[in-house]
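The values are calculated or read from the model by the stated rules, or taken from the named source; none is laboratory data. Values in this document were obtained by computation on a predicted structure and should not be read as measured data. Cβ atoms come from the backbone with ideal geometry, glycine included; neighbour counts cover every protein chain shown. Note: accessible area is taken over every heavy atom of the protein model, side chains too, but ligands, DNA and RNA are not part of it. Shrake-Rupley method; radii C 1.70, N 1.55, O 1.52, S 1.80 Å.
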Amino acid sequence: MAWEQLEGGLGVVLPGDYKQVVDGYGPVQLNGHLFLSHPATRSWNLGAWMKSTVGAFSASDLSDAQCPGFPHGPVFGAPAGLIPLVDTDRGEYAFGVVDEADGTWRILACNGDEQDFYEYRMPFAEWLYRYLAGEDMFGPGSAVFYPGPVVFESMPMAAGDEPITWIGPDRGM
């Protein structure tokens with residue numbers, strides 16, 4: 001029900017692999033940096049975070065930003081603009097956007113300190129895998145690699161809640 005409400009408000013159906021990852025783990029912080037919010041929670045609510053992020057980016061002058069598919073600067077918000085999917089505590093953001101030509105999703109990512117956006121034509125799950133494997137997934141020089149299992153940290157849902165940390169399976173890295 002939460003996904004249907006969120007997608008109804010956005011006017012677009014989000015990628016299935018993104019929803020599957022969020023449902024399986026969110027709200028959570030991965031390896032101390034990457035945040036996954038969830039649409040069915042009051043705290044760390046994905047819809048509220050998306051709205052806030054779209055508002056903040058829309059209020060910024062990014063007309064000179066390099067953004068593939070947006071020759072006059074990025075447009076934020078659904079259904080034809082950039083939809084925020086994840087962010088990090090380092091000021092990085094990954095957005096999804098539907099390619100109008102064929103209806104496929106692509107990811108445009110940026111480092112909050114720079115105006116340019118970098119395109120990743122791959123499913124969200126592959127983008128996330130590559131991020132966790134230490135590839136540059138927010139632009140050149142953005143890699144963060146932690147060897148060993150992925151570290152998950154739950155996000156507190158109420159005042160006084162302590163985060164719960166758990167470790168994923170060994171990745172052989």
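What to note about this one:
- So Val13, is it in contact with a helix residue (DSSP H, G or I) (Cβ under 6 Å, 6 or more places away or on another chain), open to solvent by 30 Å² or more (accessible area, probe 1.4 Å) and free of Cβ contacts under 8 Å to residues at least 12 places away in the same chain: yes
- Index of the failed condition, Pro169 passing every other in (1) under 14 Å from the mean Cα position of the chain (by Cα); (2) open to solvent by 50 Å² or more (accessible area, probe 1.4 Å); (3) not basic (Lys, Arg): (1)
- Filtered residue count, the range 31-87, keeping only those that are in contact (Cβ under 8 Å) with a residue 60 or more places away in the chain and among the aliphatic types (A, V, I, L, M): 4
- Failed condition for Glu135, given (1) touching an Asp or Glu at 6+ places or on another chain (Cβ under 8 Å); (2) farther than 25 Å from Ala56 by Cα: (1)
- Per the conditions (1) closer than 23 Å to Val151 by Cβ; (2) of a type outside the set (Ser, Thr, Tyr); (3) modelled with pLDDT of 95 or more, the sole criterion not satisfied by Trp44 is (3).
- Given (1) open to solvent by 30 Å² or more (accessible area, probe 1.4 Å); (2) part of a loop (DSSP other than H, G, I, E, B); (3) within 27 Å of Gly11 (Cα to Cα), number of the condition Glu162 does not satisfy: (3)
- Subset of the range 26-44 [buried (at least 20 other Cβ atoms within 10 Å of the Cβ), among the aliphatic types (A, V, I, L, M) and closer than 21 Å to Val12 by Cα]: Leu36
- Among residues that are among the aromatic types (Phe, Trp, Tyr), assigned to a helix (DSSP H, G or I), modelled with pLDDT of 95 or more and under 22 Å from Phe145 (Cα atoms), Tyr18 is included.
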